[in-house]
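A.B. asks: Quick one: structure below, then a few questions.
The values are calculated or read from the model by the stated rules, or taken from the named source; none is laboratory data. The model shown is predicted, which means the values in this text are computed figures rather than measured ones. So basically every Cβ, Gly included, is an ideal-geometry build from the backbone, and we count neighbours across all protein chains shown.
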Amino acid sequence: MRLQRQKTKAIAVLPFDNISQDKENDYFSDGLTEEIIANLSRLKDMRVVSRTTTMQYKGTKKDIKTIGRELGARHIMEGSVRKFQNNLRITAQLIDVETDAQLWAETYKGTLADVFDIQEQVSKQIVDALMVKLSPTEKVVLTKRATLNAEAFDCNLRARNFLYRRTKNTINFSIQLFKKAIELDPRYASAYAGLGEAYASLYQDVERQEHWLDQAIESSLKALMYDSSLSEAYAALGLAYYNKRSFDEAVTASQKAIELDPNNFLGYWILGRIYHNTDRDKEAVDLFEKVITLNPDFYSVYGDLEIVYARLGEKEKYDKILQAALVVYTRYLSQHPDDARGHMYYAVDLAQVGRKEEAKVEAAKALELSPDDPLMLYNATCFYAQMGEKPLAIEALKNAITAGYANFEWLARDTDLDSIRNEPEYIELVKNK
């Protein structure tokens, strides 16, 4: 009986369609989806498919029954968002996959300031439709709001959208937006956590200045001061400690992030990178595979797995993850054509399977979109090395280091660069690093 009850209350919230004229409003429809999932995930008698898993169905043509079967969810919620300036129109419906019955549907109209009420109403109506019995604590939790400032909420959603593009410009833009959100609401824990992650990412990928890590730790701790149960704040703290090479603290923070939210893919990713950086690649594999399960579109992890499998001599598994990555990049870049780093990662993998002309096109797009980014130039080094263009690879590495790239521990373990390791110029560039 218990198993049947759990199945009945399993739900997947599909990414809300952005039907605004401005496709840049994708950040808002994605953010709204995430907030509703987060609300429902706090209820112990409901199994909610993680946002990172459902995001792969964004723009899908699959029917509801197929999606429900693939996700193991009896109920599917889907909807759409139209945002024009300060005005909102949100539609939502809840469907029973087995009976194909619409259990509930609603259209909400209002302004940006009404978004919190709408989120709360949607969550409560789902609970009522599925006849979930809430404890007194859960009733309070369902009304919990990270901020009461709609503009701060909007800035935070925009910031996260830019942060995960991981280029120099987008990380810096996310920092400005997180700061704006905090200025509008000085107690906004999620914005502090995002700011902490952005500072740690800036250090890791762009500029190895110690003060970025100090600011990352400070921002993450502020987030925990305002919300001690915030998983994303612990993940940001873990990323900062990882880059500071305080691995024990990084492991503790990342494990806490996972404990608070078992779907926090960033926590698993940080742990995987710690194990890889300490030459524990067998342990890193399981963590990186978990990241893919939780967030198939987080493409950085495919490159991590390729490196780890190459170091372990697992040729069959290496080839399998390489083919999986190519599929992911095709889908992801069709939705995010301006993601420079995505184009370069795709180029590196295309080169590995001999699709060199396509690889050249993707690499050119990446460098056109982000020509002076140190991480992009490092990834260009990987691309040229895979293409067998050793002089160009050395030149790109030289430019990357000049621009600020300094993650030499990662560079030393990156199998993409194996073809140039014995080159005198390479040896000179990494000497004493």
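A.B. asks: Given the options 91, 60, 52, name the one that is at pLDDT below 85 and in contact with a Phe, Trp or Tyr (Cβ under 9 Å, 6 or more places away or on another chain).
C.D. replies: Values: 91 fails: at pLDDT below 85; 60 fails: in contact with a Phe, Trp or Tyr (Cβ under 9 Å, 6 or more places away or on another chain).
Step by step, each of 91, 60, 52 is checked, and only 52 is at pLDDT below 85 and in contact with a Phe, Trp or Tyr (Cβ under 9 Å, 6 or more places away or on another chain).
A.B. asks: To continue, here is another question. Please go through segment 227-273 and give me each residue that is within 17 Å of residue 293 (Cβ to Cβ) and assigned to a loop (DSSP other than H, G, I, E, B), ordered by number.
C.D. replies: Result: 261, 262, 263, 264.
A.B. asks: Any residue in segment 333-348 that's assigned to a loop (DSSP other than H, G, I, E, B): show its pairings with residues that are surrounded by fewer than 24 Cβ atoms within 10 Å (Cβ to Cβ) and aliphatic (A, V, I, L, M) at Cβ separation under 7 Å, as long as the two are six or more apart or on different chains.
C.D. replies: Within 7 Å, the pairs are 338/369; 339/333.
A.B. asks: For the list (1) in contact (Cβ under 8 Å) with a residue 40 or more places away in the chain; (2) surrounded by 15 or more Cβ atoms within 10 Å (Cβ to Cβ), I need the number of the one condition that residue 133 fails.
C.D. replies: (2)
A.B. asks: Scan segment 93-120 residue by residue and report those that are within 30 Å of the chain's Cα centre (by Cα) and crowded, with 16+ Cβ neighbours inside 10 Å.
C.D. replies: 94, 95, 96, 97, 108, 112, 114, 115, 116, 118, 119, 120
A.B. asks: I'd like the full set of residues that are modelled with pLDDT of 90 or more, in contact with a Leu (Cβ under 8 Å, 6 or more places away or on another chain) and surrounded by 21 or more Cβ atoms within 10 Å (Cβ to Cβ), limited to segment 379-410.
C.D. replies: Listed by number, the residues that qualify are 380, 381, 382, 384, 385, 393, 396, 397, 400.
A.B. asks: Among the residues of segment 188-222 satisfying the criterion of being under 19 Å from residue 405 (Cα atoms) and of a type in the set (Phe, Trp, Tyr), which is nearest to the chain's Cα centre (by Cα)?
C.D. replies: Among those residues, the one meeting the criterion is 199.
A.B. asks: Right, another one. What number of residues within segment 281-332 are polar (S, T, N, Q) and not in a helix (DSSP H, G or I)?
C.D. replies: Here is the first cut: in segment 281-332, the ones polar (S, T, N, Q) are 293, 295, 300, 323, 330.
Then drop every residue that is not not in a helix (DSSP H, G or I), which leaves 295.
So the answer is 1.
Rundown of residues vs (1) at pLDDT 90 or above; (2) more than 20 Å from residue 375 (Cβ to Cβ); (3) out of contact with any Leu (no Cβ under 9 Å at 6 or more places or on another chain), yes/no style:
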position: 287; (1), (2), (3): yes, yes, no
position: 292; (1), (2), (3): yes, yes, no
position: 302; (1), (2), (3): yes, no, no
position: 311; (1), (2), (3): yes, yes, yes
position: 315; (1), (2), (3): yes, yes, yes
position: 328; (1), (2), (3): yes, no, yes
position: 338; (1), (2), (3): no, no, no
position: 349; (1), (2), (3): yes, no, no
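A.B. asks: Residues to consider are 356, 433; find the one that is of a type in the set (Lys, Arg), modelled with pLDDT of 90 or more and surrounded by fewer than 20 Cβ atoms within 10 Å (Cβ to Cβ). Don't jump to the end; show me each part of the working.
C.D. replies: Working: 433 fails: modelled with pLDDT of 90 or more.
Exactly one of 356, 433 is of a type in the set (Lys, Arg), modelled with pLDDT of 90 or more and surrounded by fewer than 20 Cβ atoms within 10 Å (Cβ to Cβ), namely 356.
A.B. asks: Applying the selection to segment 301-313, what residues are in contact with a Lys or Arg (Cβ under 9 Å, 6 or more places away or on another chain) and surrounded by fewer than 18 Cβ atoms within 10 Å (Cβ to Cβ)? First the steps, then the outcome.
C.D. replies: Going residue by residue through segment 301-313, those that are in contact with a Lys or Arg (Cβ under 9 Å, 6 or more places away or on another chain) are 304-305, 307-309, 311-312.
Scanning segment 301-313 gives 311, 312.
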